[in-house]
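Reading through the structure tokens given below for one structure.
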Amino acid sequence: MRRIARRARAEWGPLYEAVHEPLVERRWRAVPMTLGAVCLTAVTQIAQNQAWGYRPVQDLGAVRAEDPLWLALLRTPLSLFVPALDLPVWGALAQILLVFGIAELCLGWWRTFVIAYAATLAGTLYARVGIALDRLPASDALVVDTGPSAAVVGLAVFLGWRYRAYATAAAVIVAIVVEVLLKNNLAGKEHLAAIAAVLALCAVAGRVRAVEGQARPSPEAPVRRR
């Protein structure tokens, strides 16, 4: 039991510490973007299931590979908050609340949004490029992108890297690989593209931090006096 506890602390301790203080101090005020994302996702889900709301939601936030690129880019920000019609919305809301919330507490709202957007955009562009190169069937051009799920997967992997929860990040990646092997659907492949994009962001962020660390003077270095 103690060994399990030690492993849990090693895996999630840094992440817990990053989340705990701002959440205790500010509570729900610490995650305004996450709350907005949950509300927006719920509203779009309700709207797209109504006769009057389906077409506006599709026109504003549904991205398909058949769309012109400029239109897909315009729709992509809202597509983060348009859940799949054929899946329970409560799962999507819970994922957004948990993963977006932790990310916003740890990274701030704008970094969270940038990573989520990059992950979603990577999945959308993957479908477009795959069809153009005949790596995907032409029928996939009609499939709506993954919505918030690619953003959730990307944020989970980035948080796992950033706070050294490597086993958790690896578990997310393995789960997506298994999904692709079992279902072989476009959504799973877009999730893999999102993960690849986030891993590239991790590599860039790691390099930047290494360069910044080298640029800082060592505390033992002598200070020259004029």
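The values are calculated or read from the model by the stated rules, or taken from the named source; none is laboratory data. Predicted model only: the values in this text are computed from it and were never measured. Cβ placement follows ideal geometry from the backbone for every residue including glycine, while neighbour counts extend to all protein chains displayed.
General observations
Residue by residue, here is whether (1) without any contact (Cβ under 8 Å) to a residue 12 or more places away in the chain; (2) touching a His at 6+ places or on another chain (Cβ under 8 Å); (3) surrounded by fewer than 21 Cβ atoms within 10 Å (Cβ to Cβ) holds:
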position: Thr168; (1), (2), (3): no, no, yes
position: Val174; (1), (2), (3): yes, no, yes
position: Ala187; (1), (2), (3): no, no, no
position: Leu192; (1), (2), (3): no, no, yes
position: Ile195; (1), (2), (3): no, no, no
position: Leu201; (1), (2), (3): no, no, yes
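- As a summary of the residue check, Ala51 satisfies the conditions (1) within 19 Å of Phe100 (Cα to Cα); (2) of a type in the set (A, V, I, L, M); (3) exposed (fewer than 15 other Cβ atoms within 10 Å of the Cβ) except for the one numbered (1).
- Val153 of a type in the set (A, V, I, L, M, F, W, C), under 17 Å from the mean Cα position of the chain (by Cα) and under 18 Å from Ile176 (Cα atoms): yes
- In the range 68-91, the qualifying residues are those that are touching a Phe, Trp or Tyr at 6+ places or on another chain (Cβ under 8 Å) and part of a helix (DSSP H, G or I), and the one that is farthest from Val38 (Cα to Cα) is Thr76.
- Filtering the range 41-65 to residues that are in contact with a Lys or Arg (Cβ under 7 Å, 6 or more places away or on another chain) and free of Cβ contacts under 8 Å to residues at least 60 places away in the same chain leaves Leu60, Gly61.
- Yes/no for Arg209 being on the phi < 0 side of the Ramachandran plot, modelled with pLDDT under 95, assigned to a helix (DSSP H, G or I) and of a type in the set (Lys, Arg): yes
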